[in-house]
Every structure is written in C-alpha cells, then in structure tokens.
1. Could you tell me whether any residue of region 112-123 is among the charged types (D, E, K, R) and modelled with pLDDT under 90?
2. Please go through (1) under 24 Å from residue 7 (Cα atoms); (2) of a type in the set (A, V, I, L, M, F, W, C); (3) in contact with a helix residue (DSSP H, G or I) (Cβ under 7 Å, 6 or more places away or on another chain); (4) without any contact (Cβ under 8 Å) to a residue 24 or more places away in the chain for residue 87 and return the number of the only condition it doesn't satisfy.
3. Looking at region 106-124, can you tell me whether even one residue there is free of Cβ contacts under 8 Å to residues at least 40 places away in the same chain and more than 30 Å from residue 64 (Cβ to Cβ)?
4. Looking at region 21-33 only, could you name the residues that are farther than 16 Å from residue 52 by Cβ and crowded, with 16+ Cβ neighbours inside 10 Å?
5. Among the candidates 123, 135, single out the residue that is exposed (fewer than 10 other Cβ atoms within 10 Å of the Cβ) and aliphatic (A, V, I, L, M).
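The values are calculated or read from the model by the stated rules, or taken from the named source; none is laboratory data. Being a predicted model, the structure only gives us computed values, none of them experimental. When we count neighbours, we look across all protein chains shown, and the Cβ atoms used for this are built from the backbone with ideal geometry, even at glycine.
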Amino acid sequence: MSKTRDFGALQKRRMRAANLLRRGFTQAQVAAKLGVSRQSVSRWAATVEAEGSTGLRKAGRAGRRPGLDEGQRRKLIESLKAGALVAGYGTDLWTLKRVGRLIEEDTGLRYSESGVWHVLANLGFSCQRPVGRALERNEALIEHWKRKRWPTLKKTPRPEDRR
C-alpha cells in the first residue's frame with residue numbers, strides 16, 4: 001500500500017461531486033454515488049457555494065504540517081554535527097532531551113521526546129552509542145603492543161598441560 005495520495009484522482013472526485021450537485025442530485029445521493037461520506041459532500045457543496053468549482057481544485061496538503069522549515073532543519077543538522085560540547089554540554093552525547101532543548105532554543109517549537117525521535121529519524125539520524133575511546137588514543141602504538149609486547153607477557157601452557 002502506497003503512502004502517497006493520488007491528489008489528481010481526489011480532485012476529479014470533488015469536481016464530479018460538484019457536477020452532480022449542479023445537476024440536482026442531493027448530497028446523500030452524491031455521497032452514495034461516489035462512495036464518500038455525507039460530511040465530505042456537504043463540505044464540498046459549501047466550498048462550491050462560497051468559491052465556485054475552482055475552490056475544489058486546491059486539495060491542500062495531506063497530514064499535519066511539519067514543524068521545522070527547511071532552514072531550521074539545516075541549522076539543526078549543523079548543530080548536531082558540531083556536537084553537544086559546542087552546544088555547552090559536559091559530554092559530547094546527544095540525548096533526546098538535549099536535542100529537544102536545542103530545537104526549542106533555536107525555533108521556539110517544543111517537541112516531546114518521541115517527537116524529537118521522529119524529527120531525528122526524518123533527518124536521517126539513528127541511535128548511536130559512543131565508542132568510549134580516549135581522544136589521545138594512538139592506534140599505531142596499540143597495534144605494536146598487541147603484536148610485540150603482549151606475546152612476551154602472555155603465559156603459555158606448559159608442554160604437559162597442552163592437549
């Protein structure tokens with residue numbers, strides 16, 4: 001099942017309803033003929049009365065309007081990528097509560113934690129756990145220690161204990 005609506009087909013249905021109403025059909029008959037609710041036909045009839053048939057052409061958008069506009073979304077992504085330390089937190093870990101606070105400070109919009117989760121998912125972010133490694137970590141030195149120093153320190157079984 002597709003998540004997108006066929007706005008063209010919906011507009012055709014509204015125009016057909018307007019045509020049937022003009023031809024003298026009752027709202028109940030139009031609703032039955034088109035397989036829609038009487039409330040929809042009543043709303044369409046009121047629109048035709050107020051604005052004419054052209055009022056039925058604009059479908060508007062489906063669903064709730066997004067809270068963040070494109071500019072706000074870009075700014076949020078930049079702030080998140082800059083890190084929580086830059087935003088003034090003691091650790092570089094973004095939590096839903098911290099991101100929610102960031103959104104509210106930048107835009108004035110308040111989201112619940114689940115709402116913040118949806119915003120982050122729509123921006124392409126996912127849940128990540130920090131690796132917990134030191135910034136000063138020296139990979140070459142660690143590799144040298146594993147290959148050279150560790151084998152000399154590691155206990156090996158005595159020949160009689162080997163299988």
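1. No, there is no match, as no residue in region 112-123 is among the charged types (D, E, K, R) and modelled with pLDDT under 90.
2. Going through (1) under 24 Å from residue 7 (Cα atoms); (2) of a type in the set (A, V, I, L, M, F, W, C); (3) in contact with a helix residue (DSSP H, G or I) (Cβ under 7 Å, 6 or more places away or on another chain); (4) without any contact (Cβ under 8 Å) to a residue 24 or more places away in the chain one by one, residue 87 breaks only (1).
3. no
4. Selection gives 25, 27, 30, 31.
5. Just one listed residue meets the conditions, 135.
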